[in-house]
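Comments concern the structure below.
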Amino acid sequence: MVKSWLKAPRPILADDLLAERSLAGDMLAKQTLVERIYLPLAKNSPELRETLSAYLESGRSLESTARELFVHPNTVRYRLKKISEIIGWDATGSREAFVLQVAMVLGSMSDTENRKKAAE
C-alpha cells in the first residue's frame, strides 16, 4: 500500500491512505471519505461542491474554473478557502487534491445509487 504514495512520511496512519484504500475496495475508507469530505460540502453548500468539482476537473486551474462557473477567479479563491475551512483539506496541494477527487467521485456515485434506490 505504501508504494501508492512514494513520498509519504513514515510511519503512515491508515487515515492518510483513505483514497488508496478506497480504490483498493475498502468500504470503510470509502464511507469515511464521503462522510468527511463530500457530505459536509453537500449539506453546507451545493455551490461549494460544484466549485470543488469544477476546480479538480479543470486540473486545478483557477482561471478555467472561473470561466466554467461564470465567476471571477477571486470568487474561486474565496470558495476554495471556504471549502478548506469546512472540510479541513486544501484543494490546491497535489496530494490533497487527489484525495478530494476520489472523495468527490465516491460521493457522486453514492448520490446516484441513493437516487436509484429511492426511485424503486
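Tabulated data
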item	result
Matching residues in region 61-119 - criterion: being under 26 Å from residue 8 (Cβ atoms) and of a type in the set (Lys, Arg)	95
Contacts under 8 angstrom Cβ, first residue in region 13-30 being at negative phi and in contact (Cβ under 8 Å) with a residue 12 or more places away in the chain, partner aromatic (Phe, Trp, Tyr) and outside any helix (DSSP H, G or I), 6 or more apart	17/5; 20/5
Test set (1) touching a Lys or Arg at 6+ places or on another chain (Cβ under 6 Å); (2) closer than 16 Å to residue 22 by Cβ - residue 110 fails condition number	(1)
Tally of residues being in a loop (DSSP other than H, G, I, E, B), farther than 15 Å from residue 33 by Cβ and either in contact (Cβ under 8 Å) with a residue 60 or more places away in the chain or of a type in the set (A, V, I, L, M) (or both) across region 70-120	1
Only one of 62, 48, 33 that is more than 30 Å from residue 114 (Cα to Cα), surrounded by 17 or more Cβ atoms within 10 Å (Cβ to Cβ) and not acidic (Asp, Glu)	62
Residue in region 110-120 that is loosely packed, with under 15 Cβ neighbours inside 10 Å and under 13 Å from the mean Cα position of the chain (by Cα) present	no
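Residues checked against (1) under 13 Å from the mean Cα position of the chain (by Cα); (2) of a type outside the set (Ser, Thr, Tyr); (3) surrounded by fewer than 16 Cβ atoms within 10 Å (Cβ to Cβ); (4) at pLDDT 95 or above:
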| residue | (1), (2), (3), (4) |
| --- | --- |
| 2 | no, yes, yes, no |
| 6 | no, yes, yes, no |
| 27 | no, yes, yes, yes |
| 44 | no, yes, yes, no |
| 67 | no, yes, yes, yes |
| 76 | no, yes, no, yes |
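The values are calculated or read from the model by the stated rules, or taken from the named source; none is laboratory data. As the structure is a prediction and not an experimental result, all values here were calculated from the model. Quick reminder, even Gly has a Cβ in these numbers, built from the backbone with ideal geometry, and neighbours come from all protein chains shown.
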